[in-house]
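Quick notes on the structure that follows.
The values are calculated or read from the model by the stated rules, or taken from the named source; none is laboratory data. Keep in mind that what you see is a predicted model, and the values were worked out from it rather than measured. For neighbour counting, all protein chains shown are included, and Cβ atoms are generated from backbone atoms with ideal geometry for every residue, glycine included. Heavy atoms of the whole protein, side chains included, go into the accessibility calculation; ligands, DNA and RNA do not. Shrake-Rupley method; radii C 1.70, N 1.55, O 1.52, S 1.80 Å.
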Amino acid sequence: MSTTSGDERMVVRQLPRKGAHVVLDAVSKRYRLGEQVITALEDVALSVAAGSIVAITGPSGSGKSTLLHVVGAMDAPDSGRIEVDDVVVTSLDRKRQVDYRRRIGFVFQRFHLLPTLTALDNVAAPLLPYRTGFDKFDRARRTLAAVGLGGREESLPSRLSGGQQQRVAIARALVNDPMLLLADEPTGNLDSATAVELMELLLELRRQRGMTIIVATHDPLIASRCDSVVRLLDGRVLDEVAVTAGVEPEALLQRITRMEP
Ligand SMILES: Nc1ncnc2c1ncn2[C@@H]1O[C@H](COP(=O)(O)OP(=O)(O)O)[C@@H](O)[C@H]1O
Ligand SMILES: [Mg+2]
């Protein structure tokens, strides 16, 4: 019935997980700089279905990174509630926060690889502090292969292209088999052809693994490949546009690049 090898079937068995359902309710976040108060998020309500891939768009300063940080418990909102599956992120104590973060993958614009470690060691790094029921380097090797970098295990980041470095960073984010992947401008440092390839890779990984993905991007071409596009402006959600197969890409691009309400 299937042509997959025993080896591949094992990978699939190791990695079946439905993505997390993410819900934000009335989430607000302000930064105080002396007398000045900056509203980064204002009364944000959002629901991201399990296993979907959603783009957060909006101009610089509209709150995209802040939104990812509060969902990933890297920062706490001033008010509101965030739930990721069974986890109420906004009321975790420190220990549970650490456990929660281990179930989330994070990808950044500037890759943030450790320059003195090989690609394989970068990918294995998040597993090293923990006892696991599987071989850590075997898992890291398989995850590198899943992002198309089989054979580059021993390369240092400086020997890899920008697109390859971001693939290593994606493998590192996925090595713990997260229920949710948060990507902050993941293609911001890549040329447009490489950016589209990277987006195709994220879509393929989502198809294989089923995790939920939230991508902050101001690139409408990247956003238009997601399942839906949430537009932020001054910390508020303007609207959410479903990306449907029938819609002309030009019309969608026009809609999501037009930032006035
Ligand atoms: N650590 C911080 N201290 C003060 N202001 C911040 C901080 N982080 C973000 N901001 C401000 O919050 C707003 C939203 O920022 P951010 O979430 O980074 O937006 P985006 O990712 O869309 O560019 C901006 O006005 C930004 O200057
Ligand atoms: Mg940002």
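Miscellaneous remarks
- Dividing the summed -39500 (n - 2.57) terms of all DSSP H runs of n ≥ 4 by the residue count of the chain sets its mean residue ellipticity at 222 nm at -9500 deg cm²/dmol.
- One compactness figure for segment 89-225 is 1.03, namely its Cα radius of gyration divided by 2.2 N^0.38 Å.
- Two-site FRET efficiency, Q36 against S161, from Cβ-Cβ distance with R₀ of 45 Å, rounded to 0.05: 0.65
- Near A40: Cβ cut-off under 15 Å, other residues only, Lys/Arg at +1 and Asp/Glu at -1. The net charge is -1.
- Label-reachable residues, segment 168-182, where backbone N falls under 11 Å from a point 7 Å from H112's Cα toward its Cβ: 173, 182
- Around D191: net Lys/Arg minus Asp/Glu count, Cβ-Cβ under 12 Å: -2
- Gain in span if fully extended, V88 to A50, counting 0.36 nm per residue against the direct Cα distance: 12.1 nm
- Here segment 158-225 and segment 66-89 have alpha carbon centers that stand 21 Å from each other.
- In the chain, Cα pairs under 8 Å separated by at least six residues give a relative contact order of 27 percent.
- Per principal axis, descending, Cα span of the chain in whole Å: 53, 46, 41
- Summed side-chain charge close to I222 - residues other than I222 whose Cβ falls under 12 Å, Lys, Arg +1, Asp, Glu -1: -3
- Per residue solvent-accessible surface (Å²) - the chain, probe of 1.4 Å: 50
- Shown is the FRET efficiency for V98 and D78, computed with R0 = 35 Å from the Cβ-Cβ distance and rounded to the nearest 0.05: 0.95.
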